[in-house]
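The block underneath contains the structure these notes are about, expressed in structure tokens.
Please treat every number below as a calculation from the coordinates, not as lab data. As the structure is a prediction and not an experimental result, all values here were calculated from the model. Here the Cβ is made from the backbone with ideal geometry for all residues, glycine too, and neighbour counts use every protein chain on show.
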Amino acid sequence: MTTTKVQAYAAQSATSALASFGITRREPGPLDVEIEILYCGVCHSDLHQARNEWHNTIYPCVPGHEILGRVTRAGSRVAKFKPGDLSAVGCMVDSCRTCDNCRAGLEQYCLSFPTLTYNTQTNKADR
């Protein structure tokens, strides 16, 4: 699998300051959109997560799960976005949109379990 090294700001522990940190990103798959992050909101839930106040933080922790950026690449099966488009990301992606919870507008309870954009590590081989 091809990967790319990028710079982010991460907390290394519950008490450390955010500092520049290199992370490895996998290559986008056919259903993925890669964006250059232009703006990122850091809200109170990011602070709770970075400080391990919910007692489940995976370190290093890169806070900022509300993202706005410009599409740099779109996978071969992506129809709604092309390079150059603006795109935004909330706190979760990949909800199935078809289970009872998603149809009720409760994608955070998706039965297929969405990809959370913070405090998660995913390596979906089928993407």
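Summary of computed values
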quantity	calculated
Modelled FRET efficiency - R0 22 Å, residue 37 with residue 15, Cβ distances, 0.05 increments	0.25
Karplus (6.51, -1.76, 1.60) ³J(HN,Hα), θ = phi - 60°, over region 73-88, in Hz, Gly and Pro reported as x	8, 10, x, 5, 9, 8, 10, 8, 10, 9, x, x, 5, 7, 9, 10
Label of the coordinate-derived value, percent of Cα pairs over 19 Å apart, listed as (1) 56; (2) 45; (3) 48	(1)
Table column - 3J(HN,Hα) (Hz), region 61-68, Karplus curve with 6.51, -1.76, 1.60, x for Gly and Pro	10, 9, x, x, 9, 10, 10, 10
Chymotrypsin sites (Phe, Trp or Tyr not before Pro) within region 39-106: DSSP coil, no more than 10 neighbouring Cβ in 10 Å	54
Loop sites in region 24-108: trypsin sites (Lys or Arg not before Pro), DSSP, at most 12 other Cβ within 10 Å	77, 80, 97
Difference of contour (0.36 nm per residue) and Cα-Cα distance, residue 47 to residue 24	6.0 nm
Debye log10 I(q)/I(0) at q = 0.20, 0.21, 0.27 Å⁻¹ for region 1-66, Cα point scatterers	-0.89, -0.95, -1.19
